[in-house]
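Structure, as structure tokens:
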Amino acid sequence: WDNADFSRGVGTTFYQEFSTLNTAKPPFIRDVEAKVRRYLRSSYSAAWTLKITWEKAPVYAAWTDTRKTITYQAVLTTDGFRSYILMLYQDGGMQWDYTRLTSTNVLIGYT
């Protein structure tokens, strides 16, 4: 997420917090739980989830081109014992031209 550049007024970032301990779960949380269960083949019931969305984020440096943008999300979720992150990208994956970045060790995901 370090190469998004909102300095030209293009794109936005927002978040939504879901506290679902002992409450009815909205469809988004049920979907997150289903993804965790499917990917990890284990039971999972979210107690808290945070969804962060970068919408139409231009690549750094935005002064070069604000037409190529990407929308992506990070979803942090925990049941109070185990914590997970889902990294979701728009269809087609990351659309930035990484060959034009100043850094050569580009990584999509986390380590």
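For residues that are open to solvent by less than 50 Å² (accessible area, probe 1.4 Å) and not in a strand (DSSP E or B), scanning just region 1-19, find the one that is modelled with the highest pLDDT.
Step one: filter region 1-19 for residues open to solvent by less than 50 Å² (accessible area, probe 1.4 Å), giving 3-5, 10-11, 18.
Retained after the next criterion (residues that are not in a strand (DSSP E or B)): 3, 5, 10-11.
Numbers: ASN3: 72, ASP5: 76, VAL10: 83, GLY11: 87.
Per the stated criteria, the residue is GLY11.
What do you reckon, is THR49 at pLDDT 95 or above, within 17 Å of the chain's Cα centre (by Cα) and more than 30 Å from TRP96 (Cα to Cα)?
On the way: at pLDDT 95 or above: yes; within 17 Å of the chain's Cα centre (by Cα): yes; more than 30 Å from TRP96 (Cα to Cα): no.
Judged against the criteria, THR49 is not a match.
Can we say THR71 is touching an Asp or Glu at 6+ places or on another chain (Cβ under 6 Å) and at pLDDT 85 or above?
yes
The values are calculated or read from the model by the stated rules, or taken from the named source; none is laboratory data. A quick note: this is a predicted structure, and the numbers were derived from the prediction, not measured. All Cβ positions, even for glycine, are placed from backbone atoms using ideal geometry, and neighbour counts span all protein chains on display. To get the accessible areas, we keep the full protein, side chains included, count just its heavy atoms, and leave off ligands, DNA and RNA. Shrake-Rupley method; radii C 1.70, N 1.55, O 1.52, S 1.80 Å.
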